[in-house]
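The structure under discussion appears below in the form of structure tokens.
The values are calculated or read from the model by the stated rules, or taken from the named source; none is laboratory data. Computed from a predicted model, the values in this text were never measured in an experiment. Methodologically, a virtual Cβ is constructed for each residue, glycine included, from the backbone with ideal geometry; neighbour enumeration extends over all protein chains shown.
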Amino acid sequence: MKGLYYIGFDVHKKTIAYCAKDETGRVVERGTIAANRAGLGGWAESVGMPWTGAMEATLFTGWIYDFLKPYAVELKVAHPAMLKAISASKKKNDRDDAEKIADLLRCDLLPECYMASQEIRELRRILRYRNLMVREAIKMKNKTAGLLMEVGAEYNKKSLHRKKYFAALLETIEDVPGSVIDMLRLNRNSLEMFEQIQKKLVKQIREHEEIKERVERLMTIGGIGEITALTWVLEIGDPCRFSNNRQAISYCGLCSAQRESAGKEKRGPLSKQRNKHLQTVLIEAAKLAPRRNAELAEVYIRELARGNHNRATLAVARKLVAYLLAVDKRLTGFMPRDQFLAA
């Protein structure tokens, strides 16, 4: 497009290298910007021509993308793995990386990745932090039981983490060092704090009407609970970006890496290029889903006869992805197979 600059950004924690080119590929300007809002704002206001930009997806990309988007005609985010495959070179530095991104953008060869809306990314951040709180709470529960076992104290496993029982236990246990009592109290206080925080975070997400409607539809699938549905909605974003089940399954990390050469195909372990948050939640859901969903139970039994429990669980997780994607795209509740055929 004439009269348009193509700008590539190489984003880092403290600095952002950039390279601006015109439609002919001539370098118009290059330099380094401080990776803060003041530096970016000053640079963006100084650009004298309309521009379109691109940057690689990193930990720092989100806020930079949101800040620069109002200044740009168009702003894109490149897929890091595919970008490395295209622009691999023996010579690598920030200056050259920014120029390569600008060239890929100018030639319309940039491997663009999906960028969720700012609101979805904010809610996703909240949910991920909630999941972190849950993991920390589990660690605290396990540590509490471990401390009691170390000193030979007797306790009721089912009631250990109840507030009244725990308080009474600390008053009655004998021959326990004072340091252990202090650590047990600290563990209990931390556990209560984690539980309060995670409840507030989930409540904040539930207040979003559009997400609430999607979650309720997804929960019509037997074996899908609220947290699994929330994770799907916030991690997937727009379900229409997946044209088929295979793409969604690959994104969730539920298929193995493929290596094919000379007509021979070799499958390795599960691919590391995946959304690890979705992968974890879906595999955990797949372990329980066959108990609540007859169709998933059939899948589990069939795959178990051909392999082992892990293979059967993965098959159920892949079927869950197919169900979730179908319900999310059609905007209708889940209909079991016999009801669907009867309809």
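Got at least one residue in the range 63-70 being basic (Lys, Arg), in contact (Cβ under 8 Å) with a residue 12 or more places away in the chain and not in a loop (DSSP other than H, G, I, E, B)? Before you say what the answer is, go through the steps one by one.
So the first thing to find is which residues in the range 63-70 are basic (Lys, Arg), and the list is 69.
Then drop every residue that is not in contact (Cβ under 8 Å) with a residue 12 or more places away in the chain, which leaves none.
Within the range 63-70, not a single residue is basic (Lys, Arg), in contact (Cβ under 8 Å) with a residue 12 or more places away in the chain and not in a loop (DSSP other than H, G, I, E, B).
Please go through the range 135-151 and give me each residue that is out of contact with any Asp or Glu (no Cβ under 9 Å at 6 or more places or on another chain) and touching a residue at least 40 places away in the same chain (Cβ under 8 Å), ordered by number. Can you show your working first?
Applying the first criterion (out of contact with any Asp or Glu (no Cβ under 9 Å at 6 or more places or on another chain)) to the range 135-151 yields 135-136, 138-147, 149-150.
Scanning the range 135-151 gives Glu136, Met140, Lys141, Lys143, Thr144, Leu147.
With respect to Val180, determine if the residue is at pLDDT below 90, in contact with a helix residue (DSSP H, G or I) (Cβ under 9 Å, 6 or more places away or on another chain) and over 30 Å from Val321 (Cβ atoms). Give the steps one after another, and end with the answer.
Working: at pLDDT below 90: yes; in contact with a helix residue (DSSP H, G or I) (Cβ under 9 Å, 6 or more places away or on another chain): yes; over 30 Å from Val321 (Cβ atoms): yes.
The answer is yes for Val180.
Report yes if Ala137 is modelled with pLDDT under 90, part of a loop (DSSP other than H, G, I, E, B) and not charged (D, E, K, R), otherwise no.
Numbers: modelled with pLDDT under 90: yes; part of a loop (DSSP other than H, G, I, E, B): no; not charged (D, E, K, R): yes.
The answer is no for Ala137.
Could you tell me which numbered condition Tyr129 fails, if it satisfies all but one of (1) in a helix (DSSP H, G or I); (2) within 20 Å of Glu171 (Cβ to Cβ); (3) among the hydroxyl-bearing types (Ser, Thr, Tyr)?
Only one criterion is unmet by Tyr129, namely (2).
Quick check: anything in the range 199-222 touching a His at 6+ places or on another chain (Cβ under 7 Å) and either in a helix (DSSP H, G or I) or not polar (S, T, N, Q) (or both)?
no
Can you name every residue in the range 147-174 that is surrounded by 10 or more Cβ atoms within 10 Å (Cβ to Cβ) and not in a helix (DSSP H, G or I)?
Listed by number, the residues that qualify are Val151, Ala153, Tyr155, Ser159, Leu160, His161, Arg162, Ile173.
Of the residues Ala116, Ala102, Ala98, which single one is part of a loop (DSSP other than H, G, I, E, B), of a type in the set (Gly, Ala, Ser) and surrounded by 15 or more Cβ atoms within 10 Å (Cβ to Cβ)?
Numbers: Ala102 fails: part of a loop (DSSP other than H, G, I, E, B); Ala98 fails: part of a loop (DSSP other than H, G, I, E, B).
Going through Ala116, Ala102, Ala98 in turn, just one is part of a loop (DSSP other than H, G, I, E, B), of a type in the set (Gly, Ala, Ser) and surrounded by 15 or more Cβ atoms within 10 Å (Cβ to Cβ): Ala116.
Does Ala289 meet the test of being assigned by TED's automatic domain parsing to the domain that holds Gly222, surrounded by 20 or more Cβ atoms within 10 Å (Cβ to Cβ) and under 12 Å from Ile224 (Cβ atoms)?
On the way: assigned by TED's automatic domain parsing to the domain that holds Gly222: yes; surrounded by 20 or more Cβ atoms within 10 Å (Cβ to Cβ): yes; under 12 Å from Ile224 (Cβ atoms): yes.
Yes, satisfied.
Quick one: in the range 24-47, of everything that is small (Gly, Ala, Ser) and closer than 24 Å to Asp108 by Cβ, which residue is surrounded by the most Cβ atoms within 10 Å (Cβ to Cβ)?
Applying the first criterion (small (Gly, Ala, Ser)) to the range 24-47 yields 25, 31, 34-35, 38-39, 41-42, 44, 46.
Those still in the list that are closer than 24 Å to Asp108 by Cβ too: 25, 44.
On the way: Gly25: 12, Ala44: 16.
So, considering only residues that are small (Gly, Ala, Ser) and closer than 24 Å to Asp108 by Cβ, the one surrounded by the most Cβ atoms within 10 Å (Cβ to Cβ) is Ala44.
Would you mention how many residues in the range 175-199 are surrounded by fewer than 17 Cβ atoms within 10 Å (Cβ to Cβ) and either within 20 Å of Thr228 (Cβ to Cβ) or of a type in the set (Ser, Thr, Tyr) (or both)?
Of the residues in the range 175-199, 4 are surrounded by fewer than 17 Cβ atoms within 10 Å (Cβ to Cβ) and either within 20 Å of Thr228 (Cβ to Cβ) or of a type in the set (Ser, Thr, Tyr) (or both).
Where residues in the range 121-134 are without any contact (Cβ under 8 Å) to a residue 12 or more places away in the chain and of a type outside the set (A, V, I, L, M), which of them is nearest to Asn189 (Cα to Cα)?
Filtering the range 121-134 down to residues without any contact (Cβ under 8 Å) to a residue 12 or more places away in the chain leaves 122, 125, 132.
So of that shortlist, the ones also of a type outside the set (A, V, I, L, M) come out as 122, 125.
Values: Glu122: 28, Arg125: 25 Å.
Filtering first and then ranking leaves Arg125.
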